[in-house]
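*Asks:* Below are the structure tokens for one structure; questions will follow.
The values are calculated or read from the model by the stated rules, or taken from the named source; none is laboratory data. What you see is a predicted model; the values in this text were computed from it and never measured. Positions of Cβ are generated from backbone atoms using ideal geometry, with glycine treated the same way; all protein chains shown enter the neighbour counts.
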Amino acid sequence: MTVRRILTGKQSESLVQFIKFCLVGVTNTAVAYFLNIGILFLLKDAGWRWDYIFANVTSFTISIFWAFYWNNKYVFRERPDEVRNKWKALGKTFLSYGFTGYVLNSILLFILVDMAGMSKYIAPLAVLIVSVPINFLLNKLWAFRTAAVKQDSGGPQSEPAGVRHSIRDIDGQ
């Protein structure tokens with residue numbers, strides 16, 4: 001039995017999007033890591049006390065642009081009958097990644113390491129089980145939300161990503 005037989009069309013589409021989102025996430029993590037190491041290497045003789053903070057913030061920021069580009073182009077594509085404000089989506093992407101990358105991960109790490117006694121080397125991997133799906137949902141339902149273009153109307157009608165309507169469906173023809 002195949003996955004497509006078990007899942008509905010929307011569920012199958014969401015699963016494919018989640019897998020693509022995870023692939024983008026793997027490349028995003030690699031970009032952030034190698035940028036971080038590269039910046040540290042470039043600044044090694046600068047004598048900065050907080051070089052690792054600068055490297056982390058810079059690599060995290062650049063990696064969000066990377067993730068936004070690929071999520072917009074590859075994971076949450078606009079269809080011809082949709083419109084998305086890319087600047088708004090970029091801002092929401094920063095907020096989504098900021099929330100899951102800093103706030104949620106820090107809280108979960110504290111719970112796992114300080115309260116549950118989990119190894120601080122294993123806990124970041126365990127945190128991914130919670131933070132990746134939440135980040136996916138934030139991006140799918142909020143950051144990359146599209147609006148269906150409605151003919152003969154005052155503007156686009158907001159629809160969640162994944163809720164796809166053709167212009168014909170919207171007009172009822």
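*Asks:* If you go through the range 12-31 one residue at a time, do you hit one that is over 23 Å from Ser96 (Cα atoms) and not acidic (Asp, Glu)?
*Replies:* Within the range 12-31, one or more residues are over 23 Å from Ser96 (Cα atoms) and not acidic (Asp, Glu).
*Asks:* Still on this model: Within the range 56-64, is even one residue in contact (Cβ under 8 Å) with a residue 40 or more places away in the chain, within 15 Å of Thr93 (Cβ to Cβ) and not assigned by TED's automatic domain parsing to the domain that holds Asn139? Talk me through it step by step, then tell me what you get.
*Replies:* From the range 56-64, those in contact (Cβ under 8 Å) with a residue 40 or more places away in the chain are 60; that's our starting set.
Still in the running and within 15 Å of Thr93 (Cβ to Cβ): 60.
Keeping just the survivors that are not assigned by TED's automatic domain parsing to the domain that holds Asn139 gives 60.
Yes - at least one qualifying residue is present in the range 56-64.
*Asks:* Give the residues of the range 10-21 that are buried (at least 17 other Cβ atoms within 10 Å of the Cβ) and more than 26 Å from Ser59 (Cβ to Cβ), sorted by residue number.
*Replies:* Within the range 10-21, just Ser14 meets the criteria.
*Asks:* Looking at Leu109, is it surrounded by 11 or more Cβ atoms within 10 Å (Cβ to Cβ), modelled with pLDDT of 85 or more and under 15 Å from the mean Cα position of the chain (by Cα)?
*Replies:* no
*Asks:* Quick check, is Val24 part of a helix (DSSP H, G or I) and surrounded by fewer than 16 Cβ atoms within 10 Å (Cβ to Cβ)?
*Replies:* Considered against the rule, which asks whether it is part of a helix (DSSP H, G or I) and surrounded by fewer than 16 Cβ atoms within 10 Å (Cβ to Cβ), Val24 comes out as no.
*Asks:* Quick check, is Ala123 surrounded by 17 or more Cβ atoms within 10 Å (Cβ to Cβ), more than 19 Å from Phe136 (Cα to Cα) and not assigned by TED's automatic domain parsing to the domain that holds Phe18? Explain how you work it out, then say what you get.
*Replies:* Numbers: surrounded by 17 or more Cβ atoms within 10 Å (Cβ to Cβ): yes; more than 19 Å from Phe136 (Cα to Cα): yes; not assigned by TED's automatic domain parsing to the domain that holds Phe18: yes.
Considered against the rule, which asks whether it is surrounded by 17 or more Cβ atoms within 10 Å (Cβ to Cβ), more than 19 Å from Phe136 (Cα to Cα) and not assigned by TED's automatic domain parsing to the domain that holds Phe18, Ala123 comes out as yes.
*Asks:* Right, something else. Tell me which residues, restricted to the range 85-132, are small (Gly, Ala, Ser), out of contact with any helix residue (DSSP H, G or I) (no Cβ under 8 Å at 6 or more places or on another chain), farther than 22 Å from Trp66 by Cα and in a helix (DSSP H, G or I).
*Replies:* Within the range 85-132, Ser106 is the sole residue that qualifies.
*Asks:* Count, please, the residues in the range 51-79 that happen to be buried (at least 19 other Cβ atoms within 10 Å of the Cβ) and over 14 Å from Ala32 (Cβ atoms).
*Replies:* Residues flagged as buried (at least 19 other Cβ atoms within 10 Å of the Cβ) and over 14 Å from Ala32 (Cβ atoms) within the range 51-79 amount to 4.
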